Amino acid sequence: MIKADEAIDIIIENTSILSEQKKYILDCIDYVLAEDIYSNEDLPSFDKSAMDGYAIKINDGQEFEIIGTIKAGDYYNEELQSGKALKIMTGAAFPKGADSVIQIEKVDVIDNKLIIKDKVEKGLNVIKKGCQIKLNDLVLKKGTVIRPYEIGLLASLGYDKIKVYKSPDVSLLITGDELVDINGKLENGKIRNSNGYSLHALVKNSGANPLSMDIVKDDKEILKKSILDAFEKSDIVITSGGASVGDYDFVEDVLDEIGADVKFKKIKIKPGKPVVFAKYKEKLFFGLPGNPLSSINVFEQFVKMAIFKMMGKSPEYDYIDVIAGDNFENAKRRTIYFYVNIEKHEGKYYAYKSGGQSSNSLKTISNSNGLIILPEEVENVKVGDFIKGRFLS
Ligand code: AMP
Ligand code: MG
């Protein structure tokens, strides 16, 4: 049995970043940029007015003749002559010959005569070409995670497609003869398949693509065929259930038979001790425990790190210091992930129990907004102790 940190190291070592693809920018949110983006133009690409006002040569005096209007999108072809003014709207191209824009509030207009009331400085209210971004500037670095804030920037520079790292295709194989689907009848020892749905949602939420969510019978040959088929079409194959030592737990046998390279079978954690991680022809395999909270926890702590690495993201979470609001026990001395409620009081974060942590308590995790991690060396965390935690996303 290996430790949680070792398991993460092994997963990261055995996971490679996926290849690049060109994608339409609106499909790139949460993807990682696989190229440096340079500007092919100045932004803005012309001098423009920052205000609604009048374009003038400021040293021409106090009185001007208004000879026309430039609205946004228009272009004034001639050069503005001394003593003349052009009414100009915000965002409109600044005319040649002028040097300033005087705001509407600072002038009087009588017929087509403009009279400046205040003394104003030269260069006022003109946004210069290239003042935001210059031609050939490096705008976004390779490795940047694309957020909605980057989308507009890319659009403003004329990039409709960018190179990003692919996100992994993930197949979910949900094992168990006891399972019926959501609408199935609960009779004679059957339970509903909740893991398939939790995992599908988790895969999606992590940025990867859930390809399928098939219920697979507890039959070695059927499982073997399902796993081999899934490897054909996916970057990651995840099974739920069948990973421990029961009579009908076939995951390990199947991996042996197909010659997969099993890296580990158990992690010293709670919830979710039985976890199989294997490699098969550069594809990754995760065998998750069937218990609902365990399978979610193993996905959150381990599978997600592989997905992040494949997508070019940093394979780690940002943790915060949290103060225990309750006592937490670690009798079995494993790394324990406690799903909790984190509350903020006077600038500090406090963690409170949100329900029983038995492996099948989906209600507890639904009542939680965060988790804390008890390292295996720590037997008891007492009220007031500092502990590592984070909010769930
Ligand atoms: P296993 O890992 O296959 O031994 O399953 C452990 C426990 O998790 C058993 O009580 C199963 O009934 C339950 N379980 C297995 N798969 C699922 C599933 N897809 N949804 C909900 N519970 C499950
Ligand atoms: Mg089972």
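For the stretch 214-246, taking the residues that are away from ligand 1 (no atom under 12 Å from the Cβ) and aliphatic (A, V, I, L, M), the one that is farthest from Phe302 (Cα to Cα) is identified as Ile222. If the condition is being surrounded by fewer than 15 Cβ atoms within 10 Å (Cβ to Cβ) and outside any strand (DSSP E or B), then the stretch 51-73 contributes Asn59, Gly61, Gln62, Lys71, Ala72, Gly73.
For every residue, the table says whether it meets (1) free of Cβ contacts under 8 Å to residues at least 60 places away in the same chain; (2) of a type in the set (Ser, Thr, Tyr); (3) assigned by TED's automatic domain parsing to the domain that holds Ile66.
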{"position": "Ile115", "(1), (2), (3)": "yes, no, yes"}
{"position": "Asp118", "(1), (2), (3)": "yes, no, yes"}
{"position": "Tyr149", "(1), (2), (3)": "yes, yes, no"}
{"position": "Gly176", "(1), (2), (3)": "no, no, no"}
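Within the stretch 164-192, the set of residues being of a type outside the set (A, V, I, L, M) and surrounded by 17 or more Cβ atoms within 10 Å (Cβ to Cβ) comprises Tyr165, Lys166, Ser167, Pro168, Asp169, Ser171, Thr175, Gly176.
In the stretch 242-261 there is at least one residue that is assigned to a strand (DSSP E or B), surrounded by fewer than 18 Cβ atoms within 10 Å (Cβ to Cβ) and more than 29 Å from the chain's Cα centre (by Cα). Inspection of the stretch 247-263 identifies no residue that is more than 15 Å from ligand 1 (Cβ to nearest atom) and under 14 Å from Leu172 (Cα atoms).
Exactly one residue out of Lys283, Lys266 is closer than 11 Å to Asn14 by Cα and surrounded by fewer than 20 Cβ atoms within 10 Å (Cβ to Cβ): that is Lys283. Summed over the stretch 110-141, the residues that are farther than 16 Å from Pro44 by Cα and surrounded by 14 or more Cβ atoms within 10 Å (Cβ to Cβ) give a count of 5. Set side by side, the residues Val251, Val245 differ, and just one is among the β-branched types (Val, Ile, Thr) and under 18 Å from Lys279 (Cβ atoms), which is Val251. Taking the criterion of being among the charged types (D, E, K, R) and touching a residue at least 12 places away in the same chain (Cβ under 8 Å), the residues of the stretch 72-113 that qualify are Asp74, Glu78, Glu79, Lys84, Lys87, Lys96, Asp99, Lys106, Lys113.
Contact map, the stretch 1-12: first residue closer than 16 Å to Tyr337 by Cα, second residue part of a helix (DSSP H, G or I) and not β-branched (Val, Ile, Thr), Cβ cut-off under 9 Å, separation 6 or more or different chains; pairs are Ala4/Gln301; Ala4/Phe302; Ala7/Gln301; Ala7/Phe302; Ile8/Gln301; Ile8/Phe302; Ile8/Met305. Name the residue, out of Lys273, Lys268, that is in contact (Cβ under 8 Å) with a residue 60 or more places away in the chain, more than 13 Å from ligand 1 (Cβ to nearest atom) and out of contact with any Phe, Trp or Tyr (no Cβ under 7 Å at 6 or more places or on another chain). Sole residue among the options that is in contact (Cβ under 8 Å) with a residue 60 or more places away in the chain, more than 13 Å from ligand 1 (Cβ to nearest atom) and out of contact with any Phe, Trp or Tyr (no Cβ under 7 Å at 6 or more places or on another chain): Lys268.
With the stretch 75-191 as the region, which strands (runs of 3 or more DSSP E) entirely inside it contain at least 3 residues that are within 16 Å of ligand 1 (Cβ to nearest atom) and aliphatic (A, V, I, L, M)? Reasoning before the result, please.
Numbers: elements: 84-88, 100-103, 107-110, 113-116, 138-140, 161-165, 169-175.
Ranges flagged: 169-175.
The values are calculated or read from the model by the stated rules, or taken from the named source; none is laboratory data. On a predicted model such as this, the values are computed, not experimentally measured, just so you know. Cβ coordinates were reconstructed from backbone atoms using ideal geometry, including for glycine residues, and neighbour counts include every protein chain displayed.
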